[in-house]
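Below you'll find the structure I mean.
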Amino acid sequence: MDWGIKNRLSQLIQEDGHCFFLPIDHGYFQGPTRCLEEPGKTIKPLLKFVDALFVTRGVLRSCVDAGCSKPIILRISGGTSMTGNDLANEGITTSIEEIIRLNAAAVGVSVFVGSDYEHQTLLNLAKVVNECEDCGIPVMAVTAVGKEIEKREARYLALSCRIAAELGARVVKTYWCEKDFDKVVKGCPVPVVMAGGPKCKSELEVLEFVYDGIEKGAIGINLGRNVWQDANPVAMAQALRAIVHEKATVKKAHELFNNVKNKKAACA
Ligand code: 5RP
């Protein structure tokens with residue numbers, strides 16, 4: 001592996017082999033998502049607990065301090081919206097010059113396997129890998145499901161992850177699934193990180209699936225709504241960090257969540 005790629009990956013994946021990425025890219029197709037109306041305010045108390053930010057160039061420029069020491073994973077696919085015909089109809093939005101100018105540690109590109117735009121989005125990924133690898137920039141593939149949440153099962157996820165890795169992604173972001181998630185991870189020759197999807201019913205549910213996913217081989221998380229849409233985002237970030245980086249059990253992480261939450265309530 002080239003030094004540049006290794007160096008950038010080492011900014012993202014910590015010495016323990018694990019990572020906690022905070023995605024705030026949702027606005028690129030959802031608009032001002034709840035609790036992300038002002039991304040700069042959302043991330044301020046959370047930054048110290050995460051390893052990297054996943055963000056578009058527009059929000060990076062306008063809402064993230066250029067003195068920010070956290071590495072940036074730049075979201076560079078898009079061109080669709082919640083109100084359009086098909087979320088899968090994505091193109092590449094950001095040039096290689098811009099990626100370098102913004103000092104990205106990596107880029108993120110969505111692929112929509114099984115959709116009408118499978119071919120287009122897989123070639124988006126392959127072309128981005130060609131350009132970024134030349135510049136020592138790792139590519140994270142995002143196995144997206146659009147509005148089809150039922151696709152979050154092992155056979156589909158394993159297929160998407162493997163294809164993304166075969167096309168050259170250095171990291172693959174996918175969803176956790178209850179059954180056979182270990183097969184998703186085993187079938188993917190590059191590290192897998194988990195996204196969260198829409199907000200879960202309880203914090204415990206989030207801590208449980210993250211713990212299970214890490215036990216089954218995922219190296220970490222790229223979790224957005226279940227962090228910053230939580231009523232106690234800082235407590236949630238700390239509890240997740242404990243699972244990802246400190247080998248905390250679900251019970252310990254939940255206790256930590258409650259301690260931080262109660263301390264905040266006592267100070268208020
Ligand atoms: C949205 C994304 C997000 O990065 C990804 O879905 C993770 O966020 P969440 O945990 O909220 O699902 O790719 O386009």
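Run through all the Cα pairs of the chain and give the fraction in each 5 Å bin from 0, expressed as whole percent.
Each 5 Å bin holds this share of Cα pairs: 1, 6, 14, 18, 21, 18, 13, 6, 2, 1, 0.
May I ask for the distance between the Cα centers of region 188-212 and region 91-111, given as a whole number of Å?
25
Sticking with the crude label model, points 7 Å out along Cα→Cβ, report the distance from ALA231 to GLU255 in nm, one decimal please.
Distance between the two pseudo-spin positions: 2.3 nm.
Between region 116-187 and region 1-69, what is the C-alpha centre distance in whole Å?
Cα centroid of region 116-187 versus Cα centroid of region 1-69: 19 Å apart.
Taking the Cα of TRP3, stepping 7 Å toward and past its beta carbon, and measuring to each backbone N in region 110-138: which are under 16 Å?
Once the point is set 7 Å along Cα→Cβ of TRP3, 135-137 turn out to lie under 16 Å by backbone N, inside region 110-138.
Take GLU246 and GLN14, extend 7 Å from each Cα along the Cα→Cβ direction, and tell me the distance between the two endpoints in nm.
1.0
In debye, nearest 20: dipole of the chain around its Cα centre with unit charges on the Cβ of K, R (+) and D, E (-)?
Roughly 740 debye, rounded to the nearest 20.
Pull the list of the chain cysteines that no other Cys approaches to under 4.7 Å, Cβ to Cβ.
Among the cysteines of the chain, those whose Cβ sits 4.7 Å or more from every other are CYS19, CYS35, CYS63, CYS68, CYS132, CYS135, CYS177, CYS200, CYS267.
Read-outs throughout are calculated quantities, based only on the coordinates presented, and are distinct from any laboratory measurement. Being a predicted model, the structure only gives us computed values, none of them experimental. When we count neighbours, we look across all protein chains shown, and the Cβ atoms used for this are built from the backbone with ideal geometry, even at glycine.
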